[in-house]
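Notes to accompany the following structure.
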Amino acid sequence: MKGFLTSLLLTAPAASACDIALMLAVDVSGSVDGDEYRIQMDGLAAALTHRSVMGALVEADAQIALMQWTGTGRQSVVISWTEITSPDDVHAFAFAVATTPRLWEDFSTAVGEAIALALPYFSIVEDCERHVIDISGDGISNEGIAPRDLWPELAAAGVTVNAMVIEDDSFDLSGWYESSVITGPGAFAVTANSFEEYPEQIIRKLYRELTQPIALSDNFSQ
């Protein structure tokens, strides 16, 4: 029996230490002015170091990366995959987020192109249990591939797309993201009714993302 158990241990696949690979895709299109860009980046950096989010990142042994995106041909992963195993790792990544220069201004909104660029990056972190694109945006796609056209490819790769929607009073942007962008197991969108609400809502979104299927209302602490 001892030999049989030893054989099982030797042949069993190693468990994945990484629970989630999270690509943070930030909108830097022309509709986002300089002050709004700073609200996003500073808000995201603060959210990552919020005690609940930071604890969840460390607990998940997460891999996280940052993308900036705007119109067609203007998307870039500006901070590559970073392994999170300690609070120091979180603080270092958050500092990089807050200090990364903006790459583009005054260009269009190509949500699908951002998702398409993110997709192959998950092959680098294939050992993570969950692969998630966290895309923020304050407008609908107005050029490039339609996000829905990528759904079959995302499903085949096992990649979920969630959204942080910064609402525009002139259009039901949350409804568009829910019907045309988010996809995959447990996919969801969180809405900020203005850029001023973004810092609070991104905390709640990240915590929900990192702790699914744990109920946010039962476990989130301010």
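The values are calculated or read from the model by the stated rules, or taken from the named source; none is laboratory data. Since the structure is predicted, the reported quantities are computational estimates derived from the model, not experimental observations. With ideal geometry, Cβ positions are generated from the backbone for all residues, glycine too; neighbour counts draw on all protein chains shown. We work out accessible area using only protein heavy atoms, side chains counted, and drop any ligands, DNA or RNA first. Shrake-Rupley method; radii C 1.70, N 1.55, O 1.52, S 1.80 Å.
Just checking, does the stretch 113-125 include any residue being in a strand (DSSP E or B), small (Gly, Ala, Ser), within 27 Å of residue 46 (Cα to Cα) and open to solvent by less than 10 Å² (accessible area, probe 1.4 Å)?
Looking through the stretch 113-125, none of the residues is in a strand (DSSP E or B), small (Gly, Ala, Ser), within 27 Å of residue 46 (Cα to Cα) and open to solvent by less than 10 Å² (accessible area, probe 1.4 Å).
The rows are residues; the columns are (1) polar (S, T, N, Q); (2) out of contact with any Cys (no Cβ under 9 Å at 6 or more places or on another chain); (3) at pLDDT 85 or above; (4) open to solvent by less than 60 Å² (accessible area, probe 1.4 Å).
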{"residue": "109", "(1), (2), (3), (4)": "yes, yes, no, yes"}
{"residue": "129", "(1), (2), (3), (4)": "no, no, yes, no"}
{"residue": "181", "(1), (2), (3), (4)": "no, yes, yes, yes"}
{"residue": "216", "(1), (2), (3), (4)": "no, yes, no, yes"}
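Select from the stretch 87-106 the residues that are more than 17 Å from the chain's Cα centre (by Cα) and aliphatic (A, V, I, L, M) and write down the one among them that is least open to solvent (accessible area, probe 1.4 Å).
92
What is the one condition in (1) more than 19 Å from residue 102 (Cβ to Cβ); (2) buried (at least 16 other Cβ atoms within 10 Å of the Cβ); (3) among the hydroxyl-bearing types (Ser, Thr, Tyr) that residue 37 does not satisfy?
For residue 37, the failing item is (1).
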